Every structure is written in structure tokens, then in C-alpha cells.
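**Q** Sharing a structure with you now.
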Amino acid sequence: MTLIQGLTALLLLTGAFFMLMGAVGIVRMPDLFMRMSATTKSATLGVSFMMLAVALHFNDLAIGARALATILFVFLTAPIAAHMIARAGYLRGVSLWQGTISDELQGRYDEETGELESGTPAMAPPQGEPED
């Protein structure tokens, strides 16, 4: 096994590990928002490591440029897509996990326009506990 093959295998295994952790995050996390966070981060890293392995394995400038463009595309779009899905879920009323300490967006969204009111958020009481 050459050094290039070893590095390629290491990058592929690292990418597969991150993808596996994303799948575990979907199963183990208690609500939509935590699942979105876990899967977006791990999938972005997993795809990046795998694309680096592809670029290294083929050792071609055109393939390497495409792999780097794919990495850049995923780094730019995955967090934005996750944010938009989570925002839609929040506006739709998807419930938070019972262990959530505070909802800093509660009462700060204009439901008609979907805009966030500016200013310092008032700390909402933890869910499940009565207000004073």
C-alpha cells in the first residue's frame, strides 16, 4: 500500500465516521432542532473528507477542482438549508424538547412577516415551569 492509498483510506474512513455520527444524531437527538444541528455539522465534514479522498485518489487537476467546488458548495449551502428548515419548523410550531432551558425566540417573531424583532431578548421561563 502506498502513502497516497493510505491517506485516501484514512480520509474515507474519517468521512464515513462523520456520516455515521450524523445518522446516530438523527436517532439519538430528542427534537428537530438538535437533529438538524447534529446532522448538518457531521454531514458537512463527512462529505468534505470524502471529497478530499476522491481528489487525492484520482490525482487529477480537473477532478480535484470539482471536489473542492463540491466541498465549498456543501459548506455554503448545508448550514443555510438547515437554518431555513429549522426556522420553518419553529414558525410552524414544532415542539421543543422538554429539557430545553429557554426559548429565546418566543414572542420575538412577527408571525405575518416572519421577521425577528430587534433588541435584547427577554429570558422566557423554562418550559413546563410556571411563571412568577
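**Q** Of the residues that make up region 88-95, is at least one assigned to a helix (DSSP H, G or I) and in contact with a helix residue (DSSP H, G or I) (Cβ under 9 Å, 6 or more places away or on another chain)? Talk me through it step by step, then tell me what you get.
**A** Let us first name the residues in region 88-95 that are assigned to a helix (DSSP H, G or I), namely 88-92.
Those left that are additionally in contact with a helix residue (DSSP H, G or I) (Cβ under 9 Å, 6 or more places away or on another chain): 89-90.
The answer is yes, given that some residue of region 88-95 is assigned to a helix (DSSP H, G or I) and in contact with a helix residue (DSSP H, G or I) (Cβ under 9 Å, 6 or more places away or on another chain).
**Q** Let me ask something else. Which pairs do you get when a residue that is farther than 8 Å from Ser42 by Cβ, found in region 10-24, comes within reach of a residue that is open to solvent by less than 80 Å² (accessible area, probe 1.4 Å), reach meaning Cβ atoms under 6 angstrom, with the pair 6+ apart or on two chains?
**A** Note: pairs meeting the criteria are Leu11/Phe49; Leu11/Leu52; Leu11/Ala53; Leu12/Ala53; Thr14/Phe49; Gly15/Gly46; Gly15/Phe49; Gly15/Met50.
**Q** Here's a follow-up. Could you grab the pairs with beta carbons closer than 7 Å, sequence gap of 6+ or different chains, first residue in region 70-96 and open to solvent by 90 Å² or more (accessible area, probe 1.4 Å), second one among the hydroxyl-bearing types (Ser, Thr, Tyr) and part of a helix (DSSP H, G or I)?
**A** Phe75/Thr44
**Q** Now for a separate question. Which of the residues belonging to region 20-78 are closer than 30 Å to Gly93 by Cα and either of a type in the set (Ser, Thr, Tyr) or not in a helix (DSSP H, G or I) (or both)?
**A** Result: Met29, Pro30, Asp31, Ser37, Thr39, Thr40, Ser42, Thr44, Thr77.
**Q** Related question: Among Met34, Met51, which is the only one that is surrounded by 15 or more Cβ atoms within 10 Å (Cβ to Cβ) and closer than 21 Å to Thr8 by Cα?
**A** Details: Met34 fails: closer than 21 Å to Thr8 by Cα.
Unique residue meeting the criteria: Met51.
The values are calculated or read from the model by the stated rules, or taken from the named source; none is laboratory data. Everything numeric here is computed off the predicted structure, so don't read it as measured data. Virtual Cβ from ideal backbone geometry, glycine too; neighbours counted across all protein chains shown. The protein model used for the area step is the full one, side chains on, heavy atoms only, and it has no ligands, DNA or RNA in it. Shrake-Rupley method; radii C 1.70, N 1.55, O 1.52, S 1.80 Å.
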